[in-house]
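Remarks on the structure that follows.
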Amino acid sequence: MQDLSLHILDIAENSTAARATRIEITIEENIRKNRLLVRIRDNGRGMTKHAQIRALDPFYTTKKVRRVGLGLPMLAQAVKEADGNLTIRSRSGSGTTITARFVYDHIDRKPIGNMAETIMNLVAGHGRDIDLVYKHRKNGRKYIFDTRIIKYQLRGVSITNPEVLNFLKKEIIKGLKALEKRRKK
Amino acid sequence: MKKLKIGDLDKLRDKVKRTAEVREGKYKAKITVHMGTCGIAAGARDIMTALMDDIERKKIKDVIVTTSGCAGLCSREPMVTVEIVGKPPVKYIDLTAEKIKKILNSHIEKGVIVKECALAIGSERTH
């Protein structure tokens with residue numbers, strides 16, 4: 001995985017496999033404190049104690065089609081390379097929260113990458129069944145993308161319509177660009 | 001969600017609704033991009049981007065695009081499954097942005113399977 005947005009897409013796909021109906025993705029870029037936080041929270045079926053202990057083992061998986069599970073182990077590696085830490089909080093039956101913390105300016109910290117594409121992919125694949133909330137903070141500014149609001153405004157037109165998806169992607173790009181402006185003191 | 005102007009979305013909604021109403025559930029093709037860890041690492045998201053860009057550029061209205069998990073053939077990712085209504089699904093492997101554009105052009109639009117990228121005709125379980 002070249003960047004964090006690909007990891008996020010991958011981990012959020014886990015949430016969909018866990019039958020989540022709501023996924024919340026949070027990115028907090030705190031440049032002043034030199035910290036980057038990435039959090040994926042879902043209300044899926046959660047992980048058993050056993051699964052949590054073994055989740056970072058590449059040879060553990062709940063899938064039937066193959067015998068390896070590399071999503072979380074690869075995120076753990078990305079975190080480790082940037083002197084960060086990864087926490088998995090989960091309770092069987094009530095969802096999972098994955099939090100990755102990085103040293104912001106660490107030379108081996110992967111770039112955030114293209115979040116607009118990650119969100120568009122998630123909406124394309126699961127937008128009908130899952131509510132997706134994406135929050136991004138930077139420079140004291142905040143961007144929020146919430147499919148519940150969008151679905152309400154679309155009133156009956158499917159959120160997975162290709163034209164809608166392309167529109168949403170452009171909106172996210174615009175929204176994230178606005179975060180780059182420094183706040184006036 | 002302050003940045004999103006309701007007016008913009010309303011306009012888009014009305015536009016899409018006109019075309020969507022006619023074909024509600026009546027699309028001609030479904031394209032599934034395999035988005036497991038293996039697919040993502042091999043570039044499945046770029047395939048999706050290329051696909052969405054081309055669908056917009058060519059103003060294709062009767063195709064739906066979705067994602068699925070790992071199909072168990074990780075070494076041949078990125079993969080997509082193309083289903084034309086009434087025909088058996090076709091699985092394409094080792095894709096690039098160029099190849100997916102060719103598939104859209106040939107298989108989706110003209111109904112001609114791109115044999116050099118195809119793995120098999122048929123289906124598998126994705127979960």
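Laboratory data are not the source of any read-out in this text; all were calculated from the coordinates shown. Quick caveat: nothing in here was measured; it's all calculated off a predicted structure. All Cβ positions, glycine included, derive from the backbone under ideal geometry; neighbour counts span all protein chains shown.
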Lone cysteines in the protein assembly as shown, going by a 4.7 Å Cβ-Cβ cut-off? B:Cys70, B:Cys117
Shielding by partners for B:36-48, please: the mean number of other protein chain Cβ atoms within 10 Å of each residue's Cβ. 6
Across the residues of A:173-182, average count of Cβ atoms on other protein chains within 10 Å? 1
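Can you show me the helix-derived [θ] at 222 nm for the protein assembly as shown, built from DSSP H runs with n ≥ 4 at -39,500 (n - 2.57) apiece and divided by the number of residues, rounded to the nearest 500. Each step should come with its number before you reach the end.
Working: 10 runs with 113 residues, N = 312.
Helix-only estimate at 222 nm: -11000 deg cm²/dmol.
Where a ≥ b ≥ c are the square roots of the eigenvalues of the C-alpha gyration tensor, would you call segment A:105-154 rounded, which needs a/c under 1.5, or, failing that, prolate if a/b is larger than b/c, or oblate? Let's see the in-between values first.
Details: a/c = 3.75, a/b = 1.72, b/c = 2.18.
Oblate is the answer for segment A:105-154, as a/c is 1.5 or above yet b/c matches or exceeds a/b.
Only Lys, Arg, Asp and Glu count, each charged at its Cβ (+1, +1, -1, -1), so figure out the dipole size of segment A:46-185 about its Cα centre, rounded to 20 debye. Present the calculation step by step, with values, prior to reporting the outcome.
Values: 30 positive and 12 negative charges, 106 e Å.
Using only the charged Cβ atoms, the result is roughly 520 debye.
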Can you give me the long-range amide H partners of A:Arg22? Hydrogens built in the peptide plane at 1.01 Å from N, cutoff under 5 Å, separation of 5 or more residues or another chain. A:Asn43, A:Asp131
B:Thr67's amide H: which non-local residues (gap 5+, or another chain) put their own amide H closer than 5 Å, with H modeled 1.01 Å from N in plane and none for Pro or chain starts? A:Gly125, B:Val33
Table column - 3J(HN,Hα) (Hz), segment A:3-14, Karplus curve with 6.51, -1.76, 1.60, x for Gly and Pro: 9, 5, 5, 6, 4, 4, 4, 5, 5, 5, 5, 4
For segment B:92-100, in order, what is each residue's ³J(HN,Hα) by Karplus, 6.51 cos²θ - 1.76 cosθ + 1.60 with θ = phi - 60°, in whole Hz (x at glycine and Pro)? 10, 10, 6, 7, 10, 4, 4, 4, 5
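Sorted from fewest to most neighbouring beta carbons within 10 Å, what does the list A:Phe59, A:Phe102 look like? It would help to have the intermediate numbers written out before the result.
On the way: A:Phe59 10, A:Phe102 25.
Listed from fewest to most nearby Cβ atoms, that is A:Phe59, A:Phe102.
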For segment A:78-84, Karplus couplings with θ = phi - 60° (6.51, -1.76, 1.60), whole Hz, Gly/Pro x: 4, 5, 4, 5, 10, 6, x
Column: log10 I(q)/I(0), Debye, Cα scatterers of the protein assembly as shown, q = 0.06, 0.14, 0.15 Å⁻¹: -0.20, -1.13, -1.27
Report, as an integer, the average count of C-beta atoms from other chains found within 10 Å of each Cβ along A:46-55. 0
Any chance you could count the Lys pairs in segment A:4-179 whose alpha carbons are under 16 Å apart, treating pairs 8 or more apart or on different chains as valid? 11
